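To start, the structure itself, in structure tokens.
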Amino acid sequence: MDHEAAPWSAVMIWRIILAAFLLFMLGPILLVVLFSFGSNALIGFPMGDLTLGWYERLAADTGFHSAFWTSLIVALATAILATLTGTLAAMGLMKVTPAAARGILSALSLPVLLPPLVVAIAIVVLIVRGLGLRLGLPVVVLGHILVAQPFVILIVMARLQRFDQSAVDAARDLGATRLEAFRLVTLPQIASALVGAALVSAAISLDDFIIASFTIGGGNTISTFVWGKMRTTLDPSINAIATILLVLTVGLSALALRVTRYKG
Amino acid sequence: MKHHFNLFLVPALAVLMGVFAIPVVLLFAVSFWSVKNFKLQPDFTFAAWQRFIGVYGDLTLYTLMIGLATGLLCTVLGFVFAYAARFKAGRFGDLLLVATLITLFGGYLVKIYAWKSILGADGLMNQALMALGVTDQPLAFLIYSRGAVIVALVHFLLPFAILPIYASLRNVSETTIEAARDLGASGAQVLTRVIIPQSLSGLFSAFAFSFLLAAGDYVTPMLLGGTSGSMLGQFVLLEFSTNFNWPAGSALSFGLLFACLILMALIAGLSAWIMRPPRGAPS
């Protein structure tokens, strides 16, 4: 809307507003990262000497090690399985009537709209009371697939909608089986969207605390490990764990953005 | 050939049924069950619902108020930010979206922890206020209050509000805006007659999302709310874990959910009434 040069003061006002927004949104997160390198125990100035001490302490903490690997395993399993169920569902939704697709998509997105607390408790009630089974990592993964698959469907469907179906028809006319047509024509074209969807699923899994804390039974993910420390005292090593978690989730989603935007 | 169903949908729907639909229906049924000697028994009693209304009625209203305040703040702030990113930021627009995504994935617990350190008695905010001479001793009300809960919830949910609003603003074409301008519409008229009506769906999903997630949260009030900023979610947890009263926990969950849905229906009706086309104008 710059067709008539905006007055200088209006430009300044918008810049100040946006700067205030960015300070509010990013400031608290940047503080945590900053203070993970400070020797003082609490967030506050002066922050003390620059140090990697909190990271060294974590590296020696076996509790953190097991939480870290548990989180990675759960995130990897979620990424693979949610991408599988979500991609199949996206392909299925392309083949049904628009009205049916809208209804099914809303139903699949419902778990994201309800408070995670209610979803988590419902899962626990079914597993423990309804089925008499034990909680554990498979239950955590199932919960994460439930929350991640709507995002996979949205990402993959956006790609499929721009995809030229006639190429698949041509392959089929030339004698390719359904599976061959999928593997040789469809898959290469949607591969970047699948990678992006898998990365977003992993980020969702790593970031979740509520579902994991209810359904894990025993042991820790990184999030539940942080929670244990937050409840007792303001343990300064939280800053370092939070930074590691931040690098993982932001790194994964930035990567997902690159993969889907620039190659797709 | 388009059908109503396709076999590719089966795995995702199986997850939805097994991990969501069946558990939620079972949880609802549990709200009519009873507990005897710490054992949960199938029953048909309204005791848990009576407990919800009798004991937790006020708290439900407070929780809805916190959710409403958070939802409205997120929607208004989200609109301002998305509007700036879409129309005012020029080449920085993409950068603003990246900042939004970083905040989105910044870690739920990490954000609450950050606010605890900022607002706490020897936190950054009090340090700054004391250095500036605004106060000579730490202000205790910054943390453990309803305000602290709302600030942290708005911070956590703002990206969820920005993204749908930005998506709907992307569909508002510059041509329409310029046409309105050329026909003599003022800046305010362009905003209320062209831009807002066209982004209504985005505004509503932003509100719905931030309101529902705020009203259902329990971790933020637990760490930042103290006694005055308590929310119902904490008591859902309390009934389930400490009291081992699963029926009450279930009735509280669904009571909150129904209350949220009623409030959202009222707001949707109200906004449809406000945004109705002026009388005599062609729709």
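Please treat every number below as a calculation from the coordinates, not as lab data. Small disclaimer: the values here were computed from a predicted structure and weren't measured. Neighbour counts run over all protein chains shown; Cβ positions are idealised from the backbone, glycine included.
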Quiz item: Three principal axis extents, largest first, for the C-alpha atoms of region B:78-189, in Å?
Solution: 58, 30, 26
Quiz item: Along its principal axes, what span do the Cα atoms of region B:157-208 show, with the longest given first and each in whole Å?
Solution: 37, 16, 14
Practice problem: Note the angle between two axes, namely the Cα long axis of helix A:187-207 and the longest principal axis of the Cα atoms of chain A, as a number of degrees from 0 to 90, rounded to the nearest 10. | Solution: 30 degrees
Self-check item: For B:LEU232, net neighbour charge (Lys/Arg +1, Asp/Glu -1) across residues whose Cβ lies under 12 Å away
Solution: -3
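Do you know the relative contact order of region A:138-203, to the nearest whole percent, from alpha carbon pairs under 8 angstrom that are 6+ apart?
Relative contact order comes out at 52 percent.
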Practice problem: Calculate the all-directions average of the projected area of region A:12-149's alpha-carbon convex hull, and give it in nm². | Solution: 14.7 nm²
Self-check item: A:GLN189 paired with B:SER186, simple spin-label distance in nm, labels 7 Å along Cα-to-beta-carbon
Solution: 5.2 nm
Exercise. Using the Cα centre as the reference, give the magnitude of the dipole from point charges on the C-beta atoms of chain B (Lys, Arg: +1; Asp, Glu: -1; all else neutral), rounded to the nearest 20 debye.
Key: 480 debye
Quiz item: For chain A, the longest stretch holding no trypsin sites (Lys or Arg not before Pro) located in a DSSP loop with at most 16 other Cβ atoms within 10 Å is which?
Solution: A:1-133
Quiz item: If one takes the longest principal axis of the Cα atoms in chain A, at what angle in degrees, from 0 to 90 and to the nearest 10, does the Cα axis of helix A:62-95 lie?
Solution: 30 degrees
Practice problem: Fewest Cβ neighbours within 10 Å first, please rank A:ILE155, A:ILE127 accordingly. | Solution: A:ILE127, A:ILE155
Quiz item: Once you have the alpha carbon radius of gyration of region B:80-125, what is it after dividing by 2.2 N^0.38 Å, with N set to its residue count?
Solution: 1.54
Quiz item: Once you charge only the Cβ atoms, +1 for Lys and Arg and -1 for Asp and Glu, what is the size of the charge dipole of the protein assembly as shown about its Cα centre, to the nearest 20 debye?
Solution: 940 debye
Quiz item: Of the residues B:ALA259, B:ALA179, B:ALA14, which exhibits the maximal mean-square fluctuation in a Gaussian network model of chain B defined by a 10 Å Cα contact cut-off?
Solution: B:ALA14
Quiz item: If chain B were replaced by its equivalent ellipsoid, with semi-axes equal to the square roots of 5 times the Cα gyration tensor eigenvalues, what would those be, largest first, whole Å?
Solution: 37, 30, 19
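Show me the chymotrypsin sites (Phe, Trp or Tyr not before Pro) within region B:1-69 that DSSP assigns to loop and that have at most 11 other Cβ atoms within 10 Å of their Cβ.
Listed in order of number, the matching sites are B:PHE38, B:PHE44.
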Quiz item: For the protein assembly as shown, what is one quarter of the convex hull surface built on the Cα atoms, given in nm²?
Solution: 30.9 nm²
Quiz prompt | Of the DSSP H helices in chain B, those whose Cα atoms cover at least 27 Å axially and whose Kyte score averages -0.5 or more | solution = B:47-83, B:146-170, B:246-274
Quiz prompt | chain A: most fluctuating residue of A:LEU88, A:LEU58, A:LEU184 per GNM, C-alpha cutoff 10 Å | solution = A:LEU184
Practice problem: Just the ratio, please: alpha-carbon radius of gyration of region A:77-171 over 2.2 N^0.38 Å, N its number of residues. | Solution: 1.30
Practice problem: Using only C-alpha atoms and all pairs of different ones, pull out the Kirkwood radius for region A:133-187 in Å with one decimal. | Solution: 13.8 Å
Exercise. Report the full-extension gain for the segment A:ARG258 to A:ARG134: residue separation times 0.36 nm, less the Cα-Cα distance, to one decimal in nm.
Key: 40.7 nm
Quiz prompt | Projected area averaged over orientations for region B:37-111, convex hull of C-alpha atoms, nm² | solution = 8.9 nm²
Quiz item: Mind listing which trypsin sites (Lys or Arg not before Pro) in region B:181-283 are in a DSSP loop and have 15 or fewer other Cβ atoms within 10 Å?
Solution: B:ARG279
Quiz prompt | Ranked packing of A:28-35, A:142-149, B:134-141, most packed first, by mean Cβ within 10 Å | solution = A:142-149, A:28-35, B:134-141
Practice problem: Please report the relative contact order for chain A, taking Cα pairs under 8 Å with a sequence separation of at least 6, and give it as a percent rounded to a whole number. | Solution: 29 percent
Exercise. Could you work out the local net charge near B:GLY107, counting Lys and Arg as +1, Asp and Glu as -1, over the other residues with Cβ closer than 12 Å to its Cβ?
Key: -1
Exercise. Based on a Kirkwood Rh over C-alpha pairs, give the Stokes-Einstein translational diffusion coefficient of chain A at 37 °C and viscosity 0.692 mPa s in µm²/s.
Key: 153 µm²/s
Quiz item: Per the Kirkwood formula on distinct C-alpha pairs, the Rh of region A:153-264 is how many angstrom?
Solution: 16.8 Å
Exercise. Net charge near A:ILE153: determine it from the other residues with C-beta under 13 Å of the C-beta of A:ILE153, scoring Lys and Arg +1 and Asp and Glu -1.
Key: +2
